[in-house]
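Q: Have a look at this one before I ask anything.
The values are calculated or read from the model by the stated rules, or taken from the named source; none is laboratory data. The structure presented is a predicted model; accordingly, all values stated were derived computationally and were not measured. Backbone-built Cβ (ideal geometry, glycine too); neighbour counts: all protein chains shown. The area values use the complete protein model at the heavy-atom level, side chains included, leaving out ligands, DNA and RNA. Shrake-Rupley method; radii C 1.70, N 1.55, O 1.52, S 1.80 Å.
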Amino acid sequence: MLFAQDTCYTVEKVTTTVEMEEISQRRITFGIKQMMEDIISDKYDLCLDGKPVEVQVTSIEAPTTGIEIGPWTKVSKKTIVTLLVYMDGKIIEVEGKAKSTVEATFIDLQNDQLEFSKTAFASAVKKAIEKSIK
């Protein structure tokens with residue numbers, strides 16, 4: 001016997017208060033809307049007149065840490081994304097993290113920094129969204 005699912009959602013709006021050189025605000029909001037719809041659709045139905053879902057990106061951080069011993073260097077960047085998800089009349093604050101690491105001998109990093117990774121950013125966003133849909 002199948003039970004009909006009464007709840008369906010629509011991702012109405014994604015906004016960001018964060019400005020980044022590496023990714024335009026338009027790409028951030030479009031990408032997050034797509035990820036949100038994909039993750040919601042794994043558990044619920046999507047429909048045009050469904051319950052509204054809104055997402056706000058409140059913080060994107062990517063601190064770099066490193067250690068250097070002689071010619072050996074290890075540099076790590078942790079991408080941390082904080083979202084506010086408005087769903088079912090609740091405001092859910094979630095954080096997603098992703099890590100990039102480089103280990104090398106005689107590595108030449110510009111300003112001892114790893115470049116911002118769009119892949120790590122997407123992974124951090126996905127983790128945050130998955131936490132909000134539990």
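Q: Expressed as an acute angle from 0 to 90° and rounded to the nearest 10, what is the orientation of the C-alpha long axis of helix 118-133 relative to the principal long axis of the chain?
A: With rounding to tens, the tilt is 40 degrees.
Q: If the limit is 18 Å between Cα atoms, which of 33/127; 99/126; 13/78 go over it?
A: Over 18 Å Cα-Cα: 13/78.
Q: Provide the per residue accessible area, probe 1.4 Å, for the chain, rounded to a whole number of square angstrom.
A: That works out to 65 Å² per residue.
Q: Compute the helix-to-body angle for 25-43: its Cα long axis versus the longest principal axis of the chain, expressed 0 to 90° and rounded to tens.
A: 60 degrees
Q: Here's something else I'd like to know. Could you tell me which residue out of 124, 15, 55 lies farthest along the dipole of the chain toward its positive end? Charges go on the beta carbon: Lys and Arg +1, Asp and Glu -1, centred on the Cα centre.
A: Going by the charge dipole, the pick is 124.
Q: Let me ask something additional. Give me the percent of DSSP beta bridges within the chain that run antiparallel, rounded to the nearest 5.
A: 75 percent
Q: Calculate the dipole size of the chain relative to its Cα centre from +1 charges on Lys and Arg beta carbons and -1 charges on Asp and Glu beta carbons; express the result in debye to the nearest 20.
A: With only Lys, Arg, Asp and Glu charged at Cβ, the dipole is about 220 debye.
Q: Output the peptides 21-33, 37-49 sorted from most to least packed, where packing is the average of other Cβ atoms within 10 Å over each peptide's residues.
A: 21-33, 37-49
Q: Along the Cα→Cβ direction, 7 angstrom out, place labels at residue 37 and residue 64. What is the inter-label distance in nm?
A: 3.6 nm
Q: Rounded to the nearest 20 Debye, what is the dipole magnitude of the range 13-65 about its Cα centre when Lys and Arg each give +1 and Asp and Glu each give -1 at the C-beta?
A: Numbers: 6 positive and 10 negative charges, 25 e Å.
Once rounded to the nearest 20, the dipole reads 120 debye.
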